[in-house]
Amino acid sequence: MSDKDVLLTMKGLRIEGRSDEQWNEIVKGVDLTLHRGEVLGLIGESGAGKSTIGLAAMGFARDGCRISGGEIHFDGIDMRNASETEKRGLRGKRIAYVAQSAAASFNPAHKLIDQYSEAPVQHGVMKKSEAEGDAKDLYGRMQLPDPDGIGYRYPHQVSGGQLQRAMTAMAMACRPDLIIFDEPTTALDVTTQIEVLSAIRDIVEQFDTAAIYITHDLAVVAQMADKIKVLLKGEEVEEADTDSMLSSPKEDYTKSLWAVRSHARPEQPPATEGTPVVSVRNVTAAYGTIDVLHDVSFDIHAKRTVAVVGESGSGKSTTARVITGLLPPRRGEILFNGEALPPNYKNRSRDQLRQAQMIYQMADTALNPKLRLRDLIGRPAQMYLGLNGKALEDRVRDLLHLIELEPDDYIDRLPSELSGGQKQRIGIARALAAEPQFIICDEVTSALDQLVAEGILKLLDKLQGEFNLAYMFITHDLATVKAIADEVVVMKEGKVVEKGGKSEMFQPPHDPYTELLLSSVPEMDPNWLTELLKARAAAGG
C-alpha cells in the first residue's frame, strides 16, 4: 500500500491515567499505521491499553485519562490539536465506535431505530425516513429477528446479543472511513458471532472501511485482521501480518497467548446419589403473556459444574432469573437441597438468599459506579455474615487477593478506574463474599482476555473443591465448557434440547442444534470463517 492509502497514524502515543491524585503512564510510546480498507487486530491482556488506544484514534480519552504525548493523525487531521467542534464532526460520521458493553451504551429511554437514526440525521447524511429504512436493511444483514420491527423496541426489550448487533449496525450508519470495534462479539453466542463477523467483513470490504478490531479472542482476530499488534502493559510487544503472527510469533509473551486454555478439569462422574443442591423441576416461565421457558428440568449437585449453553435468547439467563427468584415461574418449582424455594425472592429468607449468588454478564451495569471496591465487595459480607470493622476489612482484602488484585492498589478505587476484566473479577469477589453454596456464573469470562480467563477458571475450580460449591455456568464459549464443566445442558428457544456429561457433549452423535453450536466455534486458522460460510452455503444453511 502507498502512503496515499494511509488513513491513521500514531507516533509515540503516550496516555496517562489518574489514580490517587497522581498521573501514571498507561500507554507508553506506541506507534500505529492503518491503511484504508485495512483491519488491524489489537490483542493483549486486560489492562494492556487496547481500548485506550482505540479511543485515542478518535482524539478521545476517557474520564481520568489524558493523551500526554505523541502524534495522532486521521486522514491528515491532527487529532491532538483539532478543536472539539472538528472532532465532533468526525465522530459518528467518519470515525465510529462499537463498545464492548452495548447495554451500558444505549439510552434506555429511546427506541433502537431512533438511536440508529441520530448520527446520520445530525451529520446530514440522510433524512430520518431514509435512516430508518437503512436501519432495517442493516438489522437484516446483522441477522436480527424481525428486522422491520425490532428497531421499535427499547434496549431492555432485546437480548444482550441482539443489542450488540444493533450497536454494530448503528456504528455503520454513516458508512465511516474507520470503525473501532471494541470486543463487538463478546456478548454473542457462537452461531450469532458467525453472522456478525461475516457482516462486519462484508461492510469493511464493500465500503473500503478501515477498522481497529480489539479483542482477547485469538481465533476471532484471526478471521478479521490483516495484521495483528500485541500489547502488554501499554507497550507494543510485536506486530506482524496475521498469517505470520499465527504461525511464527517471535516473542515469548505472544507465544504464551497462543498456548492458553490448557486448563481442563477432570470430568466428574454423573452424580447418582445425594440430594442435588439445586433442582429445576418442570419450569415454565413467561415475560408478560409470552412463555419463554417451556418445561425446563435439570439438577446441579455439590462440587459439580453444569454448563448451560445455547444461542442468545435461548433461555439461559431467564432460567437463572427463575432460580434466583427474580422471575417467578408460571409452572414448576425450584428445589434447594430438596426443599422448595418460594418462587419470589421477596419471600425467601436471608439465608436462602445468601446461599445462591449470581455473577452477572455485564460488569459495567452490575457495579454501582458511586461505590468504592471496599463497599461493593464488603456489603454482602456485612449483610449476610454480620462482619464489621477489621473483620470486614480483612475479608475484603482476602477476596481481592483471591481474584488477583493487589488490595492496597485497588480497595479504594471506583469501578470507572478499572478495566473491563477487572470489573468482572470484582463481580466474582462480590458473589464469594456471602459464602454461598451455589453460584450462577453468567458469562463470567466473556469480558476477560484469555490469560486472565484461564486464571479465573482455575480459581473457580479451586474454590469449588475447597468449599463444595455448585456452579451453574452460563456461557456461549465452548472452550470454557471444555475447561470447567462436568455436565452440559443445551437450550434452544426456551427448551432443553440435550443434556448429559461433558464427554457426551463433545462426542457424536449430537442433536442437530448441538452440532451447529460445535461447528461454529472459531479456529486459529485465518481461512476458517471463509471455508465455513462456503460449506454452509453449499449445504443450503
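The values are calculated or read from the model by the stated rules, or taken from the named source; none is laboratory data. From a predicted model like this one, the values you see are computed outputs, not experimental measurements. Cβ coordinates were reconstructed from backbone atoms using ideal geometry, including for glycine residues, and neighbour counts include every protein chain displayed. All accessible areas refer to the heavy atoms of the entire protein, side chains included, with ligands and DNA or RNA removed. Shrake-Rupley method; radii C 1.70, N 1.55, O 1.52, S 1.80 Å.
Observations on the model:
- With the convex hull drawn around the C-alpha atoms of the stretch 428-536, the volume per residue stands at 131 Å³.
- In the stretch 267-350, GluC sites (Glu not before Pro) in a DSSP loop with at most 11 other beta-carbon atoms within 10 Å: 273
- Solvent-accessible area per residue in the chain equals 42 Å², computed with a 1.4 angstrom probe and all protein chains kept.
- Entries of 227/250; 128/534; 316/499; 50/462; 316/482 with Cα pairs more than 25 Å apart: 128/534; 50/462
- Label-point separation, residue 538 to residue 289 (7 Å along Cα→Cβ), nm: 4.9 nm
- When only alpha carbons are used to place a centre, the stretch 479-541 and the stretch 164-228 end up 22 Å from one another.
- Per-residue ellipticity at 222 nm computed for the chain from its helices equals -10500 deg cm²/dmol, with DSSP H segments shorter than 4 residues left out and the rest contributing -39,500 (n - 2.57).
- Tail weight of P(r) past 17 Å, computed on alpha-carbon pairs of the stretch 48-181, percent: 60 percent
- Our coupling estimate for the stretch 266-281, obtained by passing each phi through the Karplus curve with A = 6.51, B = -1.76, C = 1.60 and θ = phi - 60°, is x, 5, 6, x, x, 7, 9, 10, x, 7, x, 5, 10, 10, 9, 10 Hz, Gly and Pro reported as x.
- Residues of the stretch 286-326 with an amide N closer than 17 Å to a point placed 7 Å from the Cα of residue 333 along the Cα-to-Cβ direction: 295-300, 322-325.
- Only protein atoms count toward the accessible area here, which uses a 1.4 Å probe; on the chain, the carbon and sulfur part of that area reaches 46 percent.
- The C-alpha atoms of the chain define a longest principal axis, and helix 128-141 lies at about 60 degrees to it.
- Other-chain or far-sequence residues with amide H under 5 Å of residue 308's (modelled H): 473, 474, 475, 489
- Computed over the Cα atoms of the stretch 300-437, the ratio of the radius of gyration to the Kirkwood radius (Rg/Rh) comes to 0.99.
- Principal axis dimensions, the stretch 74-135 - Cα atoms, whole angstrom, descending: 36, 28, 16
- With respect to the chain, whose longest principal axis is taken over its alpha-carbon atoms, helix 389-402 is tilted by about 60°.
- With Cα atoms, 0 to 90° folded angle of helix 450-467 axis to the chain main axis: 10 degrees
- Reduced Cα scattering model of the stretch 210-364, Debye log10 I(q)/I(0), q = 0.10, 0.16, 0.18, 0.21 Å⁻¹: -0.60, -0.92, -1.04, -1.33
- Distances between placed amide hydrogens fall under 5 Å for residue 41 paired with 213, 226, 227, 228, 229, all partners being 5 or more residues away or on another chain.
- Net charge over other residues, Cβ less than 9 angstrom from the Cβ of residue 502 (K, R count +1; D, E count -1): -3
- Listed values for the stretch 506-516 are Karplus-derived 3J(HN,Hα) couplings in whole Hz (6.51 cos²θ - 1.76 cosθ + 1.60, θ = phi - 60°), namely 9, 10, x, x, 10, 4, x, 5, 4, 4, 4, and x replaces Gly and Pro.
- Each Lys and Arg adds +1 at its Cβ and each Asp and Glu adds -1 at its Cβ; summed about the Cα centre, the stretch 277-419 shows a dipole of about 540 debye.
- Projecting the alpha carbon convex hull of the chain along each direction and taking the average yields 25.5 nm².
- Sequentially through the stretch 297-305, phi angles give Karplus couplings (6.51, -1.76, 1.60; θ = phi - 60°) of 9, 5, 10, 10, 9, 4, 6, 10, 10 Hz, Gly and Pro residues having no value and appearing as x.
- Hull shadow area, averaged, the stretch 409-454 [alpha-carbon convex hull, nm²]: 3.9 nm²
- Surrounding net charge for residue 161, when Lys and Arg each add one and Asp and Glu each subtract one, Cβ distance under 12 Å: -2
- Stretchable slack from residue 371 to residue 68, in nm (0.36 nm times residue separation minus alpha-carbon distance): 106.2 nm
- About the centre of its Cα atoms, the chain shows a dipole size close to 1520 debye [charges on the beta carbon of Lys, Arg (+1) and Asp, Glu (-1) only; nearest 20 debye].
- Convex hull of Cα atoms in the stretch 451-500, direction-averaged projection (nm²): 3.9 nm²
- With Cα atoms defining each centre, the stretch 89-107 and the stretch 321-388 are spaced 32 Å apart in the structure.
- Charge dipole magnitude, Cβ of K and R +1, D and E -1 - the stretch 415-455, Cα centre, debye nearest 20: 120 debye
- Other-chain or far-sequence residues with amide H under 5 Å of residue 159's (modelled H): none
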